[in-house]
There are 2 protein chains.
Amino acid sequence: MVIDIMNWENNVRKVVPYVAGEQPQNNNVIKLNTNECPYPPAPEVQSVLHGFDSCLLRKYPDPDVSELAAALAKRHGLSKEQVFVGVGSDDVLAMSFLTFFNSDKPILFPDITYSFYDVWADLYKIPYECQPLDENFRIRKEDYQKQNGGIVIANPNAPTGVWEAPSFFEEIVKANPDSVVIVDEAYVDFGGESCVPLIEKYENLLVVQTFSKSRALAGLRIGYAMGSEKLIRYLNDVKFSFNSYTMNGVTIKAGVASVENEEYFRRITAKIMETRENTKKRLAELDFIFPDSKTNFIFASHKHVPAQEIFDALRKNEIYVRHWNKPRIENYLRISVGTDEEMKTVLDFLENYLKEK
Amino acid sequence: MVIDIMNWENNVRKVVPYVAGEQPQNNNVIKLNTNECPYPPAPEVQSVLHGFDSCLLRKYPDPDVSELAAALAKRHGLSKEQVFVGVGSDDVLAMSFLTFFNSDKPILFPDITYSFYDVWADLYKIPYECQPLDENFRIRKEDYQKQNGGIVIANPNAPTGVWEAPSFFEEIVKANPDSVVIVDEAYVDFGGESCVPLIEKYENLLVVQTFSKSRALAGLRIGYAMGSEKLIRYLNDVKFSFNSYTMNGVTIKAGVASVENEEYFRRITAKIMETRENTKKRLAELDFIFPDSKTNFIFASHKHVPAQEIFDALRKNEIYVRHWNKPRIENYLRISVGTDEEMKTVLDFLENYLKEK
């Protein structure tokens with residue numbers, strides 16, 4: 001006789017959670033494993049923290065996050081009603097899956113992409129079908145021209161770094177008037193071109209961006225979606241059915257300060273792109289191959305030495321990069337672009353390490 | 001022929017969102033409509049804001065929120081593994097509904113209670129059945145001793161303010177080994193007694209609290225759940241399937257600072273209770289009736305003047321309270337307890353207003 005004394009567990013939603021890159025507490029580490037920005041956020045963020053009156057915190061924050069939505073709308077040439085703000089782009093994407101992907105047909109996304117997509121689909125019991133990238137890690141747009149319950153594509157894609165032009169996505173959106181198409185532009189600020197201008201033409205296109213990479217504010221948790229007023233209204237209805245107040249007052253003010261310093265934003269993203277291009281050159285000289293990256297990371301494989309071995313060697317020397325034991329990409333490392341000094345240390349180490357192989 | 005050009009909308013989750021109390025921008029208002037604390041948060045919160053180095057924000061925050069979970073665990077005599085932290089108790093409760101209420105049987109909660117419960121149930125398509133409070137707004141515990149897919153009860157209840165002892169809930173939990181029982185203690189710090197000690201005995205009991213009322217940090221967004229390690233693990237699995245990083249670094253540090261100043265916490269909650277008791281006396285003298293409140297609000301009805309009329313009169317004089325046009329409670333006003341000065345203004349106004357009726 002089996003005595004089931006734990007019956008309450010039958011009603012629990014059991015999931016396999018997303019595993020984020022490690023956040024080591026040791027500050028001596030060269031941390032190139034979670035695509036953080038190597039530079040501090042805009043200096044005005046510090047001023048917001050210093051100047052914030054804690055007495056204001058006794059009251060609830062603005063549930064509409066109006067000030068930040070307005071600042072983002074202005075920057076992207078949209079109206080405030082076309083912008084939805086959340087606790088990082090993960091929050092925005094999770095909310096979007098819940099809001100827009102309610103069909104019995106499978107949603108579509110690439111086989112190699114941000115590994116949270118299948119986690120959200122599983123969480124909400126959304127059927128999905130992965131579409132294989134081609135042998136050059138490129139998306140085949142014909143794969144997204146079949147029946148589906150929604151589409152989500154990262155552009156540039158992660159962890160590959162490969163970017164496609166807005167015209168490519170326009171074809172996909174045009175072919176799918178029955179679905180919401182989400183373009184996840186977490187890395188678009190490092191040389192890509194955004195699909196935001198397509199929003200005016202396609203009511204079913206949602207573009208998601210984040211403050212975590214190009215604005216050096218991973219620690220503050222701000223992401224946002226841009227789309228037609230109708231899409232944003234649906235998204236807000238679900239958000240207001242979940243948690244009225246997601247963004248605290250400090251975060252809202254600091255976010256606005258970041259958006260308003262466009263010059264600083266341009267300077268640090270340009271610097272990261274410069275470092276990335278220099279890193280590409282040296283990686284190629286060291287016999288690495290990689291798809292051309294338009295992001296703040298490089299997805300590289302060595303012609304002779306297995307990725308796992310290089311990963312272990314780097315790790316032993318307190319250099320953290322990201323490696324997945326997954327089909328098709330187990331021989332690649334995703335290396336975030338750090339400062340010039342950090343990249344020099346890493347590349348010098350690799351040069352010596354590979355010489356000895 | 002009907003041309004359906006908006007087919008993507010068929011896949012949208014359509015919901016009727018929760019409506020929070022107004023957040024007027026006008027500072028002249030006496031704001032007694034959202035149960036905020038009339039005092040500032042612990043002074044150490046200001047020090048955290050002043051001292052926070054914005055450079056730290058370039059990195060992701062601690063996904064486990066360890067420092068704050070540990071501070072809360074210490075305060076409540078629990079282990080860190082028994083505490084889950086989220087973006088306000090709404091986030092914690094929403095996540096708990098998603099995690100624990102996955103049965104075909106209806107979840108149970110009172111007919112008069114926090115009006116987010118049915119919104120979350122609708123959002124996640126969880127069946128539910130409201131159990132009527134008795135004529136004194138008391139919960140009838142026998143209503144919670146039938147088949148169900150989960151139970152959620154606010155204690156003290158809102159908007160009634162009525163509190164039941166932990167022994168009352170122990171009976172409910174004991175009768176429901178097949179369900180997770182959530183006790184929402186948003187208002188427990190104003191004279192109630194917590195169910196937290198029951199956690200050690202019942203693996204299926206989850207107790208939720210918040211920083212928004214008694215810690216004067218509604219604007220910061222911190223809520224937390226306490227339960228068996230197993231419950232908390234399930235909750236974390238779902239959280240990590242939704243958004244790895246919900247709490248930003250500033251919030252974590254400020255939250256810890258608040259928890260560590262127990263003396264300030266006791267002082268402001270005691271002061272609010274004193275003001276509440278004085279307010280009760282004068283309200284009774286003015287012919288109001290109300291269930292005995294153990295919260296930072298009073299749920300009052302006038303013997304002769306309809307609530308809507310009083311609400312309108314208060315509103316015209318820039319005094320905001322809360323009123324619901326809902327069965328059984330349409331003749332009640334929920335009045336948050338403000339400072340002595342604010343309550344004097346409100347009560348003096350009511351005295352004059354009622355004299356003229």
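Highest mean first, how do A:174-182, A:123-131, A:24-32, B:240-248 rank when packing is the count of other Cβ atoms within 10 Å averaged over residues? Don't skip to the end; give the middle numbers.
Details: A:174-182: 22.2, A:123-131: 17.3, A:24-32: 14.0, B:240-248: 24.9.
Ranking the peptides A:174-182, A:123-131, A:24-32, B:240-248 by packing returns B:240-248, A:174-182, A:123-131, A:24-32.
How much net charge surrounds A:P306 when only the other residues with a Cβ under 10 Å from the Cβ of A:P306 are counted, with Lys and Arg +1 and Asp and Glu -1?
On the way: positive: none; negative: A:E309, A:D312, A:E330.
Combined, the nearby Lys, Arg, Asp and Glu give -3.
Taking the Cα centre of the range A:174-257 as origin and charging only Cβ (+1 Lys, Arg; -1 Asp, Glu), how large is the dipole, in debye to the nearest 20? Don't skip to the end; give the middle numbers.
Values: 9 positive and 9 negative charges, 65 e Å.
Charge dipole, the range A:174-257, about its Cα centre: 320 debye, nearest 20.
Quick one: putting +1 on the C-beta of Lys and Arg, -1 on the C-beta of Asp and Glu, what dipole do you get for chain A around its Cα centre, in Debye to the nearest 20? Show your work: numbers first, answer last.
Numbers: 41 positive and 51 negative charges, 53 e Å.
Around 260 debye, computed over chain A.
Would you kindly state how much longer the chain becomes between A:S66 and A:N325 on full extension, computed as 0.36 nm times their sequence separation minus their alpha carbon distance, in nm to one decimal? Mind dumping the intermediate values first?
Numbers: separation 259, 0.36 × 259 = 93.24 nm, distance 4.24 nm.
Additional length available on full extension: 89.0 nm.
Tell me, what is the per residue accessible area of the protein assembly as shown in Å², probe radius 1.4 Å? If you can, show how the numbers build up before the last one.
Working: 27130 Å² over 714 residues.
Accessible area per residue: 38 Å².
Between copies, how far apart are the A:R233 label points? List them in nm, one decimal, shortest first, with each point 7 Å from Cα toward Cβ, please?
4.6
Under a no-solvent Debye model with one identical scatterer per Cα of chain A, what's log10 I(q)/I(0) at q = 0.10, 0.14 Å⁻¹?
The calculated log intensity ratios at q = 0.10, 0.14 Å⁻¹ are -0.65, -1.22.
State, to one decimal in nm and shortest first, how far the label point of B:E274 sits from each corresponding label point in the other identical copies (label point: 7 angstrom along Cα-to-Cβ).
Going from nearest to farthest copy, the values are 6.2 nm.
Give the span of the range A:60-171's Cα atoms along each principal axis, as three whole-Å numbers ordered largest to smallest.
Cα extents, longest axis first: 47, 31, 24 Å.
Hey, can you list the residues from the range A:242-272 whose accessible area shrinks by 40 Å² or more with all protein chains present, relative to the chain by itself (probe 1.4 Å, no ligands or nucleic acids)?
Listed in order, they are A:F242, A:N243, A:S244, A:Y245, A:N248.
Using the structure shown, select from B:K174/B:K280; A:K146/A:K303; A:K213/A:K280; A:K141/A:K280; A:K14/B:K201; B:K31/B:K230 the pairs with a Cα to Cα distance greater than 29 angstrom. Show your work: numbers first, answer last.
Numbers: B:K174/B:K280 35 Å; A:K146/A:K303 37 Å; A:K213/A:K280 19 Å; A:K141/A:K280 27 Å; A:K14/B:K201 24 Å; B:K31/B:K230 41 Å.
Cα-Cα > 29 Å for B:K174/B:K280; A:K146/A:K303; B:K31/B:K230; rest within.
Using the alpha carbon gyration tensor of the range A:124-206, what are the three equivalent-ellipsoid semi-axes (square root of 5 times each eigenvalue), largest first, in whole Å?
Details: eigenvalues 68, 56, 29 Å².
Its equivalent ellipsoid spans semi-axes of 19, 17, 12 Å.
How much net charge surrounds A:F169 when only the other residues with a Cβ under 12 Å from the Cβ of A:F169 are counted, with Lys and Arg +1 and Asp and Glu -1?
Numbers: positive: A:K141, A:K174, A:K201; negative: A:E164, A:E170, A:E171, A:D184, A:E185, A:E193.
Neighbour charge sum, excluding A:F169 itself: -3.
Set the Förster radius R0 to 30 Å, insert the Cβ-Cβ distance between A:N317 and B:L56 as r into 1/(1 + (r/R0)^6), and round the FRET efficiency to 0.05. Show your work: numbers first, answer last.
Details: r = 24 Å, r/R0 = 0.81.
The pair A:N317/B:L56 has a calculated efficiency of 0.80.
For B:C130 and A:N27, what is the calculated FRET efficiency with R₀ set at 51 Å and r taken between the beta-carbons, to the nearest 0.05?
On the way: r = 53 Å, r/R0 = 1.04.
Here the calculated transfer efficiency is 0.45.
If we hang a label 7 Å off Cα along the beta carbon direction at B:E200, how far is it from the matching labels on the other copies, in nm, shortest first?
6.6
State, in square angstrom and to the nearest 100, the accessible area buried between chains A and B, both chains counted, probe radius 1.4 Å.
Working: alone 17250 and 17250 Å², together 27130 Å².
For chain A against chain B, roughly 7400 Å² becomes buried.
When you count, for each residue, the other Cβ atoms within 10 Å and take the mean per peptide, how do A:309-321, B:221-233, A:148-160, B:196-208 rank with the highest first? Kindly include the intermediate steps, with their values, before the conclusion.
Numbers: A:309-321: 16.6, B:221-233: 22.7, A:148-160: 25.2, B:196-208: 20.2.
The densest-packed peptide leads the list: A:148-160, B:221-233, B:196-208, A:309-321.
Taking all protein chains as present, what is the carbon and sulfur share of the accessible area of chain A, in % to the nearest whole number, probe 1.4 Å? Could you put the intermediate results ahead of the total?
Working: 6730 of 13570 Å².
Carbon and sulfur atoms account for 50 percent of the accessible area of chain A.
Quote the FRET efficiency, to the nearest 0.05, computed for A:E142 versus A:K281 with a Förster distance R0 of 35 Å and r equal to the Cβ-Cβ distance. Spell out each step's value before the answer.
Details: r = 34 Å, r/R0 = 0.98.
Step by step, r from the Cβ atoms, then E = 0.50.
Please report the orientation-averaged projected area of the range A:29-123, defined via the convex hull of its C-alpha atoms, in nm².
Working: hull surface 41.1 nm².
If you wrap the Cα atoms of the range A:29-123 in a convex hull and average its projections, you get 10.3 nm².
Only Cα pairs under 8 Å and at least 6 apart count here; give the relative contact order of chain A as a rounded whole percent. Show your work: numbers first, answer last.
Numbers: 609 pairs, mean separation 81.8, N = 357.
Dividing the mean separation by the residue count of chain A yields 23 percent.
From zero outward in steps of 20 Å, how is the percent of C-alpha pairs of the protein assembly as shown spread across the bins?
Result returned by the calculation: 17, 48, 29, 5, 0.
Using a 10 Å cut-off around each Cβ of peptide A:35-45, what is the average number of partner chain Cβ atoms that fall inside?
Values: counts 1, 4, 3, 1, 2, 6, 5, 1, 1, 1, 4.
Across the residues of A:35-45, the mean count of other-chain Cβ atoms within 10 Å is 3.
State, to one decimal in nm, how far the label point of A:D348 lies from the label point of A:E309, with both points 7 Å from Cα in the Cβ direction.
2.4 nm
The values are calculated or read from the model by the stated rules, or taken from the named source; none is laboratory data. Quantities reported herein were computed from a predicted structural model and do not represent experimental measurements. Note that each Cβ is placed from the backbone with ideal geometry, even for glycine, and that neighbours are counted across all protein chains shown. Just so you know, the surface numbers come from the protein's heavy atoms only, side chains and all, with ligands and any DNA or RNA stripped out. Shrake-Rupley method; radii C 1.70, N 1.55, O 1.52, S 1.80 Å.
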